[in-house]
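Enquirer: Can you keep this structure in mind? I'll have questions shortly.
What follows is calculated from the coordinates using simple rules that are stated; it is not laboratory data. This is a predicted model, so every value here is computed, not measured. Methodologically, a virtual Cβ is constructed for each residue, glycine included, from the backbone with ideal geometry; neighbour enumeration extends over all protein chains shown.
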Amino acid sequence: AQSVTQPDIHITVSEGASLELRCNYSYGATPYLFWYVQSPGQGLQLLLKYFSGDTLVQGIKGFEAEFKRSQSSFNLRKPSVHWSDAAEYFCAVGAGTSGTYKYIFGTGTRLKVLA
Amino acid sequence: DTAVSQTPKYLVTQMGNDKSIKCEQNLGHDTMYWYKQDSKKFLKIMFSYNNKELIINETVPNRFSPKSPDKAHLNLHINSLELGDSAVYFCASSRVLAGEDTQYFGPGTRLTVL
């Protein structure tokens, strides 16, 4: 069965420090992978996505993610975190055919940024 | 211009009542979705519609009835509300129902059942 695992429920980093949020997926075919961010009381905003090609993808707000097929991972990174990055981050895999296609989300990682 | 909008933003009601949440997208997309986010922030798809046709019904109780009057709107009606229905409900849309397409989410409707 398809699934997405985000092993870290909470992460705390200092402002200016680097960040890596982990995401592992289970999916039999080539995955479509997404990272979304949810600020408090807000909807979900797409940070970046991977469909094919270069395994290092760049997103908005200085985020990037690397697809590693051998590790079934799609980790999100940022070299220097800003206080405004404090939010909930969701990894998702797009799974299924046109008749069954849906996103499967991980349980999210809550990021806290210390001043 | 808001791409995907939902009304209301907050909804507080008593058990047993019937309520509706409305969703509209102005992106010209063909596909729309409803997701439920529970108290632990877990997001799960409930329904998807493509060109007003129901595509996915993810074993949701039949107290939940989505309706798509046109491609730009997908409303969610909930009958006989229960405590466990308390959650944040997100509407989303995408251009097509396909793997490479991005879903755009609305701001959510926080439903509280007392």
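Enquirer: Give me the distance between the Cα centres of region B:54-114 and region B:19-51, rounded to whole Å.
Expert: 4
Enquirer: Ok, one more. For chain A, what relative contact order do you get, as a whole percent, if you take Cα pairs closer than 8 Å and at least 6 residues apart? Walk me through the numbers on the way to the answer.
Expert: Numbers: 283 pairs, mean separation 42.3, N = 115.
Across chain A, relative contact order equals 37 percent.
Enquirer: Determine the dipole magnitude for the protein assembly as shown: charges of +1 sit on the beta-carbon of Lys and Arg, -1 on that of Asp and Glu, nothing else is charged, the reference point is the Cα centre, and the result goes in debye to the nearest 20.
Expert: Dipole about the Cα centre, nearest 20: 260 debye.
Enquirer: Straight-line reach only, C-alpha to C-alpha below 12 angstrom: list the aspartates and glutamates that B:LYS71 could link to, leaving out same-chain residues fewer than 8 apart.
Expert: B:GLU24, B:ASP30, B:GLU53
Enquirer: Can I ask one more? Per residue of B:50-61, what is the mean number of Cβ atoms on other protein chains within 10 angstrom of that residue's Cβ?
Expert: Going residue by residue through B:50-61 and averaging, the value is 1.
Enquirer: So what's the Cα pair-distance distribution over chain A, bin width 5 Å, in %?
Expert: Going out from 0 Å in 5 Å bins, chain A shows 2, 12, 24, 25, 19, 11, 5, 2, 1, 0 percent.
Enquirer: Also: Could you tell me which of A:VAL113, A:GLY96, A:GLY62 has its Cα farthest along the dipole of region A:51-115 towards the positive end, charges placed at Cβ (Lys, Arg +1; Asp, Glu -1), taken about the Cα centre?
Expert: The residue sitting farthest along the positive end of the dipole is A:VAL113.
Enquirer: Now for a different question. Which whole-number percent is the relative contact order of chain B (Cα, under 8 Å, 6+ apart)?
Expert: 37
Enquirer: Let me confirm one metric for peptide A:20-32, namely the mean number of other chain beta-carbon atoms within 10 Å of its residues' beta-carbons.
Expert: 1
Enquirer: Moving to a separate point now. Can you tell me the FRET efficiency between A:THR100 and A:SER14 if r is taken as the Cβ-Cβ distance and R0 is 30 Å, rounded to the nearest 0.05?
Expert: 0.10
Enquirer: May I pose another question? With all distinct Cα pairs included, what does the Kirkwood hydrodynamic radius of the protein assembly as shown come out to in Å, to one decimal, could you say?
Expert: Hydrodynamic radius (Kirkwood, Cα pairs) of the protein assembly as shown is 18.1 Å.
Enquirer: R0 = 25 Å: FRET efficiency of A:LEU114 with A:GLU64, Cβ-based, nearest 0.05?
Expert: Efficiency computed from Cβ-Cβ geometry: 0.65.
Enquirer: Nothing charged except the Cβ atoms of Lys and Arg (+1) and of Asp and Glu (-1): what's the magnitude of the dipole of region B:1-94 about its Cα centre? Round to the nearest 20 debye.
Expert: 180
Enquirer: Here is the link list: A:LYS112/B:LYS22; B:LYS22/B:LYS52; A:LYS49/A:LYS78; A:LYS68/B:LYS40. Which ones come out longer than 22 Å on Cα distance?
Expert: Numbers: A:LYS112/B:LYS22 33 Å; B:LYS22/B:LYS52 15 Å; A:LYS49/A:LYS78 15 Å; A:LYS68/B:LYS40 28 Å.
Exceeds cut-off: A:LYS112/B:LYS22; A:LYS68/B:LYS40.
Enquirer: On to the next question. When you look at the Cβ of every residue in A:37-49, what mean number of other chain Cβ atoms sits within 10 Å?
Expert: 4
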